[in-house]
Amino acid sequence: MKRRRFTATALAAAGTSLAANALGTRSAAAQNKVVLSFLHKWPEPNNIRFFRQAVAAFEAAHPNVKINMDAVADDPYKTKIRVVMASGQIPDIYFTWVGEYTRQFIRAGRVLDITKYLAAPDWHGRFAPATLDAYRTDGKLYGVPIEVDAKFMVCNKALLAKVGVTALPADWPAFTAALNKLKAASITPIAFGSQLAWATVHYIGDLNAKLVPPDVRKADYTLRAPVAELFTDPGYVDAMAHYRAFLTNGWFNKTPNALTHAAARASFYAGRAAMMYQELVEFGLAAGTKLAADGWDFFPMPAIPGGRGRQDLLTGAPDGFVVSPTCKHPDVAMAFLNFLTTRSQGEAFTAATHRPSAVIGAVTAKDALPQTLRGIEAIGRAKGMVLWLDTDVEARVASAFLAAGQGLMGSHETPEQAMQKVRAAAVAAQKARG
Amino acid sequence: MGGLTRKHHRLAAALGPYVALAPVLGLLSVFLYLPLIFDVIYSTHEWSSLSPTWRYVGLGNFQGLLADPLFWQSLRGNILYAAVSLVFQVAFALMLAAILESGLLRIRWSGFFRIAFFLPSIMPITVIGLLWQILYQPDVGLIDQALKAVGLGAYAHAWLGEEATVLPAIIAVSQWQWTGYLTVLFIVAIRGIPRELYEAAEIDGARAWRKFWHITVPGVSETTVLMTLITIFGAIKVFDIVWVMTAGGPNNASDVLGSYMYRSAFRDDRVGYASAIAVVMFVLCSIVGGLQLRWSQRRSL
């Protein structure tokens with residue numbers, strides 16, 4: 001008897017929410033409105049201001065369209081998107097990270113193939129090929145980029161000049177020679193904060209690409225390699241050894257695990273370290289700091305001679321949006337994304353957010369630093385991108401890499417031990433995928 | 001009383017409590033008991049937020065836990081958390097309460113200490129997390145500065161950045177936060193002990209320690225047991241302070257079951273596995289709750 005009452009209560013509660021949903025749909029239908037839901041990860045005041053004006057402008061041009069926008073910050077977004085997906089209430093347009101992160105949504109049938117929409121030359125021609133390629137899986141396009149980002153070694157020119165380094169390091173030996181000179185002069189060579197583990201895999205991911213043969217890396221990252229070979233290439237251990245060497249050689253500041261990326265950046269901007277591995281989207285933050293007064297430049301992580309991977313790739317990724325196959329009005333959704341990536345909206349994006357728009361030519365000297373403009377040019381020239389490691393491998397493999405990134409900044413974990421854990425996670429993930 | 005008959009009154013009186021309790025029961029069912037049942041069902045499946053189907057794996061997730069070094073490491077984190085909390089939040093708090101109530105301090109100072117000890121417990125956890133992140137900073141943080149100032153610079157650490165020190169550092173924050181709160185609860189309990197007992201002991205020439213051991217401790221035994229159980233519950237469920245301060249890092253060194261469960265569900269997308277961790281936490285809490293129930297039944301007999 002008791003149990004029946006429980007069930008009745010639960011059903012009543014469920015019924016109420018169903019009725020509410022049905023009512024919502026009906027009232028929208030009554031007004032003959034096209035309603036789109038839109039979920040992204042830019043709720044910060046400057047960023048959301050851009051999106052609010054874009055939505056308002058699009059709605060004004062299309063009076064029958066209503067866009068319900070919702071935004072949560074980067075980290076909580078990772079939780080929110082999982083919950084939303086599990087609930088089955090998939091937003092019509094939503095943000096995902098490129099790479100395996102998006103591929104898992106594609107495999108689960110949660111992303112619409114939009115190849116035909118982007119085929120229009122006046123649309124796909126707005127983006128650099130490497131930018132758009134990040135959204136390509138098995139020859140099909142699945143996403144529309146809104147901003148580009150890449151990782152560069154940013155350097156304080158005054159501090160480099162102090163130790164006689166005037167040319168930007170072109171390869172690994174020149175790079176390490178500069179680091180050793182800085183260290184010898186008691187200048188912290190590189191500011192690094194790994195308390196938030198994502199900062200670690202930007203190094204490891206780039207080094208993997210330089211030291212592991214590209215086809216092997218692809219087979220491992222996509223878990224398509226035979227189980228006996230999964231993540232066994234010696235290049236991975238080598239990459240982790242290169243990464244750990246930054247600590248053991250004294251090229252990083254002490255105890256990176258106790259510093260956040262933001263804290264490390266503050267110390268770099270204050271002139272207390274000579275270099276920092278930074279994202280293009282951070283470039284604008286240097287304005288008004290001691291670093292800006294000292295003068296700064298940047299270079300990609302230098303090539304490693306003899307490395308068995310690719311030396312001509314740039315670590316970074318575009319950010320952008322995908323459309324759900326459950327969207328009832330894909331044409332309208334795509335029209336909105338087209339509008340978001342017009343030249344004028346691209347300019348508005350960079351002006352409001354100080355982040356580099358993915359639209360070619362939308363970032364101008366008016367709204368961006370000269371360094372940002374050159375960074376965007378470097379992305380345009382890149383032969384391809386090394387995507388963020390933590391979104392380019394299966395989630396639990398990513399967790400293992402993230403833990404390794406911190407473990408190797410401690411006192412006892414070896415590159416071999418760290419890679420063993422990564423491999424174990426990959427084997428389990430492959431087994432689970434079946 | 002108008003048209004209401006006596007029968008109606010009886011009916012209303014009989015149903016009244018049930019009607020009043022119904023909303024609570026409904027809310028509890030939807031937000032507590034149903035999720036609990038679902039959790040057990042989820043834990044026997046392998047599924048993710050994206051999987052179109054669920055794969056029944058029976059006890060597979062639990063077998064996975066037994067073989068998972070991270071699970072055992074997290075559980076050890078909870079056990080350490082519980083052990084330290086019992087020493088500080090129960091034993092030490094009781095001693096503090098006894099000192100504050102002993103009359104050894106002037107009334108004004110006793111009041112000051114009560115407020116000073118209590119204050120951390122009303123601060124939001126995120127504020128505490130950020131505050132202590134700053135205090136724990138290597139070199140520039142207050143803790144390391146203080147150690148250096150008193151000549152203990154050799155003991156300075158990157159407290160939250162080293163795998164050996166991170167969990168003790170977080171646990172210490174919890175003690176800082178909650179010991180004062182439990183002290184106040186103990187003060188209330190001590191005030192419930194008849195003064196005559198202390199006066200009699202004084203006439204007999206008992207010293208402070210003997211009074212504490214033979215009057216205060218037995219006098220607050222009920223509160224002590226309750227605080228012990230609440231502290232253990234808290235240690236099993238702990239999540240927020242860990243997540244705010246380190247998210248389980250570096251290299252999972254500060255993981256507890258709560259943080260490992262959260263990461264399994266929302267980062268690794270292994271919802272079935274995370275549900276199994278939740279079931280383990282529930283079972284551990286149930287055992288402690290069962291002990292509490294048995295103890296309180298024995299008291300009432």
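The values are calculated or read from the model by the stated rules, or taken from the named source; none is laboratory data. Bear in mind that the values here come from a model prediction, so they are computed numbers and not experimental data. Positions of Cβ are generated from backbone atoms using ideal geometry, with glycine treated the same way; all protein chains shown enter the neighbour counts.
Quick notes on this structure:
- Residue check, A:ALA362 on the phi < 0 side of the Ramachandran plot, of a type in the set (Gly, Ala, Ser) and part of a loop (DSSP other than H, G, I, E, B): yes
- Single residue of A:ASP133, A:ASP171 found to be surrounded by 14 or more Cβ atoms within 10 Å (Cβ to Cβ) and either of a type in the set (D, E, K, R) or touching a Gly at 6+ places or on another chain (Cβ under 6 Å) (or both): A:ASP133
- In the range B:109-167, the residues that are within 19 Å of B:TYR81 (Cβ to Cβ), hydrophobic (A, V, I, L, M, F, W, C) and more than 14 Å from chain A (Cβ to nearest Cβ): B:ILE125, B:ILE128
- Set side by side, the residues B:SER254, B:SER264 differ, and just one is free of Cβ contacts under 8 Å to residues at least 40 places away in the same chain and within 13 Å of chain A (Cβ to nearest Cβ), which is B:SER264.
Yes/no matrix, rows are residues, columns are (1) within 30 Å of B:THR224 (Cβ to Cβ); (2) hydrophobic (A, V, I, L, M, F, W, C); (3) under 16 Å from the mean Cα position of the chain (by Cα):
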{"residue": "B:SER121", "(1), (2), (3)": "yes, no, yes"}
{"residue": "B:ILE134", "(1), (2), (3)": "no, yes, no"}
{"residue": "B:VAL140", "(1), (2), (3)": "no, yes, no"}
{"residue": "B:VAL150", "(1), (2), (3)": "no, yes, no"}
{"residue": "B:ALA169", "(1), (2), (3)": "yes, yes, no"}
{"residue": "B:TRP176", "(1), (2), (3)": "yes, yes, yes"}
{"residue": "B:GLY180", "(1), (2), (3)": "yes, no, yes"}
{"residue": "B:LEU185", "(1), (2), (3)": "yes, yes, yes"}
{"residue": "B:ARG191", "(1), (2), (3)": "yes, no, no"}
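- Out of B:HIS8, B:HIS45, one residue alone is crowded, with 16+ Cβ neighbours inside 10 Å, more than 10 Å from chain A (Cβ to nearest Cβ) and either over 25 Å from the mean Cα position of the chain (by Cα) or at positive phi (or both). It is B:HIS45.
- A:THR222 more than 14 Å from chain B (Cβ to nearest Cβ), at pLDDT below 95 and within 18 Å of A:ALA400 (Cα to Cα): yes
- Within the range A:79-89, not a single residue is crowded, with 21+ Cβ neighbours inside 10 Å, touching a Leu at 6+ places or on another chain (Cβ under 9 Å) and away from every other protein chain (no Cβ under 14 Å).
Results for (1) within 27 Å of A:LYS66 (Cα to Cα); (2) in contact with a Pro (Cβ under 9 Å, 6 or more places away or on another chain), shown as yes or no for each residue.
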position	(1), (2)
A:PHE299	no, yes
A:ALA303	no, no
A:GLY307	no, no
A:GLY320	yes, yes
A:PHE336	yes, no
A:LEU340	yes, no
A:ARG343	yes, no
A:ALA348	yes, no
A:HIS354	no, no
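- Any hit, the range A:207-223, residues being in a loop (DSSP other than H, G, I, E, B) and among the aromatic types (Phe, Trp, Tyr): no
- Enumeration of residues in the range A:91-127 that are within 14 Å of another protein chain (Cβ to nearest Cβ) and not in a loop (DSSP other than H, G, I, E, B): A:TYR94, A:THR96, A:TRP97, A:GLU100, A:TYR101, A:THR102, A:ARG103, A:GLN104, A:PHE105, A:ILE106, A:ARG107
- Residue within the range B:226-242 that is within 14 Å of chain A (Cβ to nearest Cβ), over 19 Å from the mean Cα position of the chain (by Cα) and crowded, with 24+ Cβ neighbours inside 10 Å present: no
- Residue tally, condition in a loop (DSSP other than H, G, I, E, B) and surrounded by 15 or more Cβ atoms within 10 Å (Cβ to Cβ), over the range A:59-75: 2
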